[in-house]
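Derivation of every value follows stated rules applied to the coordinates shown; laboratory data play no part. Here the structure is a predicted model, which is why all the values come from computation and not from measurement. Quick reminder, even Gly has a Cβ in these numbers, built from the backbone with ideal geometry, and neighbours come from all protein chains shown.
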Amino acid sequence: SSLPHIHMPPGAMVLCVDDSSVARLLIEEALKAMHVPYVAAKHGKDAWQKLEGLAAQAQSQGKRTRELVPLVLTDLEMPEMDGFTLTRNIKQDPRFAGMAVVVHSSLTGKASEGHAASVGADAYLAKFAPRELGETLRDTLERVNER
């Protein structure tokens, strides 16, 4: 059950967003096993504030935000700001152009997947399958690097 080793550009990290401490722990363990640097947020509003800080940091370094955070891994059902709203906000904001959003949810089914796709999610996967998570992250990050 070995996970893929994912090569991240220097200085880049994944932002993972989940209001469940148990889910965050599982995600963090999987990311560590894949040698993926990450920053965690507890809900969409927390993630959005972190992204705004990182956008300012990127601008000061003459970089695009997606060079610092190429990918956001988000849950859907969260307080403060849900994953649908977070995804829509990221995809509509020019500061985050080219950034991928992978939805990672226990809400399975065509309605949720369709809604996630309609707000711009790049991929959708069910909790919790570490190998599938790894493969999806690897493939999505490869696409971001080609943008």
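Looking only at residues in the stretch 120-147 that are within 21 Å of V22 (Cα to Cα) and free of Cβ contacts under 8 Å to residues at least 24 places away in the same chain, which one is surrounded by the most Cβ atoms within 10 Å (Cβ to Cβ)?
Y124
Matching residues to (1) under 22 Å from V22 (Cβ atoms); (2) out of contact with any strand residue (DSSP E or B) (no Cβ under 8 Å at 6 or more places or on another chain):
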| residue | (1), (2) |
| --- | --- |
| E80 | yes, yes |
| L86 | yes, no |
| D93 | no, yes |
| A97 | no, yes |
| V103 | yes, no |
| L107 | yes, yes |
| S112 | yes, no |
| H115 | no, yes |
| S118 | no, yes |
